[in-house]
Amino acid sequence: MERTLSIIKPDATRRSITGKINSMIEEAGLCIIAQKRILLSELEAEEFYGVHKERPFFRDLVKFITSGPVVVQVLEAENAISLYRKTMGATNPKEAEVGTIREAHAESIEANSVHGSDSAENAIKEINFFFEEKEIVG
Ligand code: ATP
Ligand code: MG
């Protein structure tokens, strides 16, 4: 079994489609073993997206991800990391495959509804960033 971190982003909480996204997650065979709705501070967002700090869109990304509530989740499945990346679809919704979360729900390359860890190492880091072990019930 593998775990990955998911974030349902502010564009999705704003439109009240977290339930629809959770259905797509569960239908893909991923189990939601931890979940909470939070508001990220600017500092937390800058730390979380630290790998992107040299990218031109960094300031806008921090502004977007702190613009409203997010739902942070731990998902579990065999190959959860790659399975969730496939379920999310491409970063740019115009390139996302039919049936993926981003194809169905994303508004733009920035407001793309969901985040998913991109490696085993990052999944552990990102899960520990948001959750204590006792909050995760597998
Ligand atoms: P995420 O990390 O959120 O799961 P990702 O791994 O598909 O998405 P990254 O390259 O890690 O994509 O980019 C992180 C986030 O930064 C994207 O999800 C998107 O919100 C934003 N982003 C990426 N590229 C651009 C861009 N060219 N313009 C604006 N925002 C962007
Ligand atoms: Mg990424």
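The values are calculated or read from the model by the stated rules, or taken from the named source; none is laboratory data. Everything numeric here is computed off the predicted structure, so don't read it as measured data. Every residue, glycine among them, receives a Cβ derived from its backbone with ideal geometry; neighbour counts consider all protein chains shown.
When segment 62-85 is limited to residues that are out of contact with any helix residue (DSSP H, G or I) (no Cβ under 6 Å at 6 or more places or on another chain) and either modelled with pLDDT under 95 or small (Gly, Ala, Ser) (or both), the one that is nearest to ligand 2 (Cβ to nearest atom) turns out to be SER82.
Scoring GLU95 on the criteria (1) closer than 13 Å to THR4 by Cα; (2) within 11 Å of ligand 1 (Cβ to nearest atom) leaves a single failure, condition (1). Restricting segment 31-47 to residues that are of a type outside the set (D, E, K, R) and surrounded by 14 or more Cβ atoms within 10 Å (Cβ to Cβ), the residue that is nearest to ligand 2 (Cβ to nearest atom) is ALA45.
Within segment 48-61, one or more residues are modelled with pLDDT of 95 or more, within 13 Å of ligand 2 (Cβ to nearest atom), of a type outside the set (Asp, Glu) and within 16 Å of ALA12 (Cα to Cα). Filtered by the rule that a residue be within 14 Å of ligand 2 (Cβ to nearest atom), under 16 Å from LYS9 (Cα atoms) and out of contact with any Asp or Glu (no Cβ under 8 Å at 6 or more places or on another chain), segment 103-124 gives ILE109, VAL114, HIS115, GLY116.
For segment 87-102, the count of residues that are without any contact (Cβ under 8 Å) to a residue 12 or more places away in the chain, away from ligand 2 (no atom under 16 Å from the Cβ), touching a Gly at 6+ places or on another chain (Cβ under 9 Å) and on the phi > 0 side of the Ramachandran plot is at least one.
Hey, can you tell me all the residues within segment 14-30 that are surrounded by 11 or more Cβ atoms within 10 Å (Cβ to Cβ), outside any loop (DSSP other than H, G, I, E, B) and either modelled with pLDDT under 95 or among the charged types (D, E, K, R) (or both)? Result: ARG14, LYS20, GLU26. In segment 1-28, the residues that are more than 21 Å from ASN122 (Cα to Cα) and of a type in the set (Gly, Ala, Ser) form Cβ pairs under 9 Å with partners that are away from ligand 2 (no atom under 16 Å from the Cβ) and in a helix (DSSP H, G or I), at six or more places apart or across chains, as follows: ALA12/THR18; ALA12/LYS20; ALA12/ILE21; ALA12/HIS105.
When ILE65, ILE109, ILE8 are checked against the criterion of being surrounded by fewer than 18 Cβ atoms within 10 Å (Cβ to Cβ), at negative phi and of a type outside the set (D, E, K, R), a single residue qualifies: ILE109.
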